[in-house]
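So the structure is just underneath, and the comments pick up after that.
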Amino acid sequence: MYRYDEFDHTFVAQRVAQFRGQVTRRLDGELTEDQFRPLRLMNGLYLQLHAYMLRVAIPYGTLSSRQMRRLGRIARVYDKGYGHFTTRQNIQYNWPALKDTPDILMELAEVEMHALQTSGNCIRNVTADQYAGAAADEIEDPRIWSEIIRQWSSLHPEFSFLPRKFKVAVTGAPSDRAAIAVHDIGLRAVRNGDGEIGFEVMVGGGQGRTPMIGKTIRPFVAKHHLLSYLEAILRVYNEYGRRDNMFKARIKILVHEIGIEEFRARVEAEWETMRGGPVELPADELERIQAYFAPPAFAALPAVSAAFVGSRAADAEFAQWARTNLVPHRQPGYAIVNLSLKPVGGVPGDASAEQMEAIADLADAYSFGEIRVTHEQNLTFPHVRQDDLYELWRLLRPLGLATANIGTVTDIIACPGLDYCSLANARAIPVAQRISERFADVGRMHDVGELKIKISGCINACGHHHVGHIGILGVDKKGEEFYQLTLGGDATETAALGDLVGPAFSYDGVVDAVETLVETYVGLRHDGERFLDTYRRVGLEPFKEKLYAAR
Amino acid sequence: MPLVKDGRLVDDPWVGLADDAPVPAEGLVFVSLTRFRAERDALLARGAPLGVRLKSSELAPEIGTDVPLLALVAVEFPTFRDGRGYTTARLLRERFGFKGELRAVGDVLRDQVLFMHRCGFDAFEVADEAALEGLKAAMAEFTVFYQPATDDRTPASVLRRVRSAAE
């Protein structure tokens, strides 16, 4: 993992001091809430329905055990004993007191963390594939480039007042686990004809009220030119992005309005003037950062652990968990372990202080002290010996972290919705809870197979409903919550936006509607077809018929 | 409006001319881009230093090739949210080689002057004289920078190299 050196420590400490001054000026009345707003937003501090909310950056979703322990401590000392992991791999605290926030930032700085650029119209915290450094199909470790982008974008003097927020996601593998196609910039590591590694650059993807799949602006940018290319894109966006209407200010609208060809031409012209210039990372600095992401000291092990195979045969519940929550590791004898933050009836993405602290201890014991946060609001131990899996599973179970449901119908993404958020039109969390209770039976979950349900409480789409296999969007109709359903969305390398299925369902009716969709799929599926495959084969009609037949 | 330059309050020697105001025979004046374009030759023929004031929507290329003729470019920030001026400043300095005074005018907040300075601004219009102390404090809030810009602050990546070479 990356470790701060004295420059990074100084920088974050100065940021904390700056914020402390700003909070003091606010508490003293020197700043009005209006004047304070842009300042606190630069530090991830929002004012929500009931209280301030602090969004802490977890750069590219990577945490050390020490950091996780500290997140747990902050939840206990400064909040109500829990935190919420988000689709941007961050953590949100929902109940901090304003006066405490500088101390929270100081506690974070002690473990090399911050809340920089988790809000505001700047380059936001970079997200990446949670299986970085462990996935078998990886071409390039996305953490290296995410860290480089994190540093380059930190308090960037030219790009801190963009037309709108700006999100970058990086995947190092052909499989896209970082939803790069729905980001302002998506980067995918690729090899060119000469075997050289670089990035395919996508631009103009996004969700929100105008969802769009990103377009490839350049199929290959050499690694050593990445920063100049990003700087060129940001500069064109900063100059030409719309500032007259906040809802049309994202880069996707600019790319859509002038067309990808024209946008590309402007970026290329800009790039000409700066390619190879001072913005490029010096080679020795790349080596320095790269070295932090060297693989941990793996043991030489057989590809498959006999102990693991034995436990799986002996314990059916363990086998169920292994089926959904494990992912093959590139290192023989190891596995990637997903910890579900989606217990049946629970709040998706929430973890208690006790859970966080226990996770930190388990990471030390079983995963080289490393933890990842996934954009699907779960946690990952990236490097676990297969020999240890059974023991680890037994320890995770009493913590409520071993639900065997990763990728299934109960592994639901949900935004905070009307329970917390001042923008929401409808509740999202209780809908997720009720759906997971409906499908609580693990056998049924596994029979239904891969099915991604994503719920947003308003059109801002923080719950990624546009790219859910089943997307659920909460809307307000004359003061009543209703839910629109979309089908066929996909956030991976085969990205697609969901299709609206028809009239919305009531809060009471939406769970039945989801069940009808699932049962319709089960009735129609061919062997080996996932929900998404069946949908792509048969289209909207059969689902629509069943859904509205009773009406 | 009070003007801060090089960390001090200074008397502003420049007069901003409205588009319909008569041009004085002498003295330092700056005009809108519209007026500069319309009366370019007459304004330059005065022989006195000339400046241009850009709206935030008037980007660097619109004035770029003329900057050798100018002693001042004032860039408007109609609201602190409008960040086009940062790019305008960098391009005027880095691409078009502007050496004169680059002045930030409008909604210039204390928490932005460091960004502005990094992009090449060297003069700031402030709301009142009391703002000076805050401005000076804000300029000193950071000593570590992660990216090269127009200023001469050395980015951390380069300092790290210097440090490891010394070890």
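The values are calculated or read from the model by the stated rules, or taken from the named source; none is laboratory data. The model shown is predicted, which means the values in this text are computed figures rather than measured ones. Don't worry about glycine lacking a Cβ; one is built from the backbone with ideal geometry, like all the others, and counts go over all protein chains shown.
In contact with a Phe, Trp or Tyr (Cβ under 7 Å, 6 or more places away or on another chain), on the phi < 0 side of the Ramachandran plot, of a type in the set (Asp, Glu) and more than 8 Å from chain A (Cβ to nearest Cβ) - does that describe any residue in segment B:96-119? Yes, that holds for at least one residue.
Find the helices (runs of 4 or more DSSP H) located wholly in segment A:246-363 whose residues include 2 or more that are within 30 Å of A:Arg235 (Cβ to Cβ), and list them. Working first, answer last.
On the way: elements: A:251-258, A:260-274, A:283-291, A:306-314, A:316-325.
By residue number, A:251-258, A:260-274, A:283-291.
Hey, does segment A:5-18 have a residue that's on the phi < 0 side of the Ramachandran plot, away from chain B (no Cβ under 11 Å) and of a type in the set (S, T, N, Q)? No, segment A:5-18 contains no residue that is on the phi < 0 side of the Ramachandran plot, away from chain B (no Cβ under 11 Å) and of a type in the set (S, T, N, Q).
Just one of (1) modelled with pLDDT under 95; (2) buried (at least 22 other Cβ atoms within 10 Å of the Cβ); (3) not aromatic (Phe, Trp, Tyr) trips up A:Ala136, so point out which. Evaluating A:Ala136 over (1) modelled with pLDDT under 95; (2) buried (at least 22 other Cβ atoms within 10 Å of the Cβ); (3) not aromatic (Phe, Trp, Tyr) leaves (2) as the failure. Residues to consider are A:Glu437, A:Glu481; find the one that is in contact (Cβ under 8 Å) with a residue 60 or more places away in the chain, surrounded by fewer than 19 Cβ atoms within 10 Å (Cβ to Cβ) and more than 22 Å from A:His375 (Cα to Cα). Criteria check complete, one pass: A:Glu437. On inspection, B:Leu69 qualifies as modelled with pLDDT of 95 or more, of a type in the set (A, V, I, L, M) and more than 15 Å from the chain's Cα centre (by Cα). Considered as a group, the residues in segment A:26-47 that are facing chain B (nearest Cβ under 9 Å) and out of contact with any Gly (no Cβ under 7 Å at 6 or more places or on another chain) include one that is surrounded by the fewest Cβ atoms within 10 Å (Cβ to Cβ), and that residue is A:Gln35. Evaluate the following for A:Ile435: is it touching a helix residue (DSSP H, G or I) at 6+ places or on another chain (Cβ under 6 Å), assigned to a helix (DSSP H, G or I), under 29 Å from A:Ile470 (Cβ atoms) and at pLDDT 95 or above? The answer is yes for A:Ile435.
B:Ala18 falls short on exactly one of the conditions (1) loosely packed, with under 14 Cβ neighbours inside 10 Å; (2) in a strand (DSSP E or B), and that condition is (2). Collect the residues in segment B:121-167 that are more than 11 Å from chain A (Cβ to nearest Cβ), of a type in the set (D, E, K, R) and surrounded by 17 or more Cβ atoms within 10 Å (Cβ to Cβ), keeping them in residue-number order. Once the filter is applied, which keeps residues that are more than 11 Å from chain A (Cβ to nearest Cβ), of a type in the set (D, E, K, R) and surrounded by 17 or more Cβ atoms within 10 Å (Cβ to Cβ), segment B:121-167 yields B:Asp122, B:Glu125.
Report whether or not A:Gly193 is away from every other protein chain (no Cβ under 14 Å), free of Cβ contacts under 8 Å to residues at least 12 places away in the same chain and not β-branched (Val, Ile, Thr).
Details: away from every other protein chain (no Cβ under 14 Å): yes; free of Cβ contacts under 8 Å to residues at least 12 places away in the same chain: yes; not β-branched (Val, Ile, Thr): yes.
Taking the combined requirement at face value, the residue satisfies it.
As a summary of the residue check, A:Ala265 satisfies the conditions (1) closer than 30 Å to A:Thr62 by Cβ; (2) modelled with pLDDT of 95 or more except for the one numbered (1).
Looking at segment A:93-134, which of the residues that are of a type in the set (A, V, I, L, M, F, W, C) and under 17 Å from the mean Cα position of the chain (by Cα) is nearest to A:Thr492 (Cα to Cα)? Break it down stepwise before answering.
If we filter segment A:93-134 for residues that are of a type in the set (A, V, I, L, M, F, W, C), which is where we start, we get A:95, A:97-98, A:104-106, A:108-109, A:111, A:113, A:115-116, A:122-123, A:126, A:128, A:132, A:134.
Those still in the list that are under 17 Å from the mean Cα position of the chain (by Cα) too: A:115-116, A:123, A:126, A:128, A:132.
On the way: A:Ala115: 28, A:Leu116: 28, A:Ile123: 22, A:Val126: 17, A:Ala128: 13, A:Ala132: 16 Å.
Once the filter is applied, the top-ranked residue is A:Ala128.
Scanning segment A:508-519 finds one or more residues that are modelled with pLDDT of 95 or more and not in a helix (DSSP H, G or I).
Would it be correct to say that A:Tyr420 is surrounded by fewer than 24 Cβ atoms within 10 Å (Cβ to Cβ), more than 22 Å from A:Ala169 (Cβ to Cβ) and in contact (Cβ under 8 Å) with a residue 60 or more places away in the chain? Let's see the steps before the verdict.
Values: surrounded by fewer than 24 Cβ atoms within 10 Å (Cβ to Cβ): yes; more than 22 Å from A:Ala169 (Cβ to Cβ): yes; in contact (Cβ under 8 Å) with a residue 60 or more places away in the chain: yes.
In short, yes.
A:Lys80 meets all of the listed conditions (1) within 11 Å of chain B (Cβ to nearest Cβ); (2) of a type outside the set (Gly, Ala, Ser); (3) surrounded by fewer than 17 Cβ atoms within 10 Å (Cβ to Cβ) but one, namely (1). Among the residues of segment A:408-451, those that are closer than 22 Å to A:Gly479 by Cβ and among the basic types (Lys, Arg) comprise A:Arg427, A:Arg434. Of all residues in segment A:493-544, exactly one satisfies the criterion of being crowded, with 19+ Cβ neighbours inside 10 Å, closer than 30 Å to A:Val170 by Cβ and without any contact (Cβ under 8 Å) to a residue 60 or more places away in the chain, namely A:Gly498.
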